[in-house]
Amino acid sequence: MSAARWGAGQVQAQVVDAVGGPARARVILLFGGVLALNTADASTVGAVAAQLEPDLHIGNTKVGLLTSVSLIVGALAAIPIGILVDRIHRVRLLSISIVLWSVATFAGGLSGTYSHLLLSRLALGAVAATAGPAIASLTGDYFPVRERVKVYGYILSGEIAGSAVGFLVSGAIAGLLSWRWAFFALSLPGFWLARALWRDLPEPRRGGTSRLERGAVDLVAAAENPAGDQQPEEFVRDDEAAQEAVRARGIRPDPELVLTEDAAGMPLRRAVPYVLRVRTNVELIISSALGYFFLAGLQTFAVVFIRAHYGASQTTATGVLGLLVLGALVGTLVSGPLTDWLLRRGLISARIWVPAISYMVAAVLLVFGIINTSLTPAIWFFMAGAAALSAANPPLDAARLDIMPPGLWGRAESVRTVLRTVGQAIAPLLFGAVADLVAGIAPEQAPVGTKPALPPGTGRGLEVSFLLMLIALAAAGYILLRARRTYPQDVATAAASASNA
């Protein structure tokens, strides 16, 4: 065995051991792959924007619309998908959606006009909406709640990897061949991933009775372990660090929100109002939507901004984005253990404090990066800002499960997906429109040519647009600081509702 192969084997073994064994590693890899496809798509649009604009005779506004329309359709589809997630086989639903997503992406590469490309994006949005609700629900049933922040950090690394693929690989393919081949290449992994999910991933029992404990090797046997049915009632409640902290402080649930019925059986007409009556959940949804709003605009126009603002080449711009992805990966992996450490030491609202501070720090760091006229120092601010921005997501995802009974996880995530996706959908269009307005470029007057050429004023327009939109990150942090007051009681309420199911 070569030294390189032995070294790779050692790294793989250490990674598998860190996540809790082969069975867990398989689930995390598959879920991360699903999120990677979703973010790779949005990043690919941004990575090939410089080729799309002259080829299809469009400007920043229409580039933004390509991302916006798929997100809008996804928002419309989120609620019915959430109902399906809470009622039917989630793994099969996810697998079928990925196949349809891949077909829509491949069709986008065949588009001969902007209208045809826009139509493919509409179809893509309808099937991409499955990922959020399905993965949130499955993660809640597969992993003990005490480890959920850490596990979410591993899974959300897939989002970061997807951004890397979109920016680096798709950008390189577009530079060497064309933007069409970038879409073709992006569609292929989806077919493999859908097959792996369908074949290898068993549907876990709802309510956490088939959770994957550390050291599990056989995924199917672990998920179908009948011993889960024999666990005492306290097992689910006592496994939650946040709930333990709430009980230790003597915090009582809100009697008006404690459910006396099985949450899974609630009809939609009562489930959605209930989800929106949980004040912490509303504040988490709004702050998350604001965070993803900025991220969606950044993904769409980051490469164009770096090229125009700093005079960088396509290769340099995608390389810079690769460093930002690295920073985001660090932030995602660090925030989970940090949050758990703070929670174990008595900070009961750690899953609120960490993302609140992360959003505010990210806003400050990115300001310094954007206004800097030299690329080299700006890179460091961008990397640190990307790390802070991504650090908010794992604790936020875990906190949303803390404050909801398990029977409502799918529909609660769908409600969040609707509002978050609306923010994501508006962002690329608004970022592009503001940039064009500042630069004095009408979308229909974008330069026509055979070679990618950015309109004059693009860099200044995007600089102003990014700076204005950073207000969203600061607002997200402020809203989360308000949520820390209601979070403990809502955790207690969710625990009481779960025990009544």
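Points to keep in mind about this one:
- In the set Thr373, Thr300, only one residue is of a type in the set (Val, Ile, Thr) and assigned to a loop (DSSP other than H, G, I, E, B); that residue is Thr373.
- Of all residues in the stretch 151-175, those that are closer than 22 Å to Leu401 by Cα have Cβ atoms under 9 Å from Cβ atoms of residues that are at pLDDT below 75 and open to solvent by 10 Å² or more (accessible area, probe 1.4 Å), 6 or more apart or on another chain, in Val151/Val19; Tyr154/Ala18; Tyr154/Val19.
- Gly109 vs. criteria crowded, with 20+ Cβ neighbours inside 10 Å and in contact (Cβ under 8 Å) with a residue 24 or more places away in the chain: no
- Among the candidates Leu473, Leu408, Leu389, Leu396, residue that is of a type outside the set (Gly, Ala, Ser), at pLDDT 90 or above and open to solvent by less than 10 Å² (accessible area, probe 1.4 Å): Leu473
- A single member of Leu329, Leu321 is open to solvent by less than 10 Å² (accessible area, probe 1.4 Å), in contact (Cβ under 8 Å) with a residue 60 or more places away in the chain, assigned to a helix (DSSP H, G or I) and more than 25 Å from Arg485 (Cβ to Cβ), and it is Leu321.
- The listed residue being part of a loop (DSSP other than H, G, I, E, B), on the phi < 0 side of the Ramachandran plot and without any contact (Cβ under 8 Å) to a residue 24 or more places away in the chain, out of Leu365, Leu347: Leu347
Residues are listed down the side, and each one gets a yes or a no for (1) open to solvent by less than 60 Å² (accessible area, probe 1.4 Å); (2) modelled with pLDDT of 75 or more:
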residue	(1), (2)
Met1	no, no
Phe31	yes, yes
Thr39	yes, yes
Ser43	yes, no
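- Boolean, Ala317 is among the aliphatic types (A, V, I, L, M) and modelled with pLDDT of 85 or more: no
The values are calculated or read from the model by the stated rules, or taken from the named source; none is laboratory data. Keep in mind that this is a model prediction, so the values were computed, not measured. Glycine gets a Cβ as well: all are built from the backbone with ideal geometry, and neighbour counts include every protein chain shown. Keep in mind that these areas ignore ligands, DNA and RNA; they rest on the heavy atoms of the full protein, side chains included. Shrake-Rupley method; radii C 1.70, N 1.55, O 1.52, S 1.80 Å.
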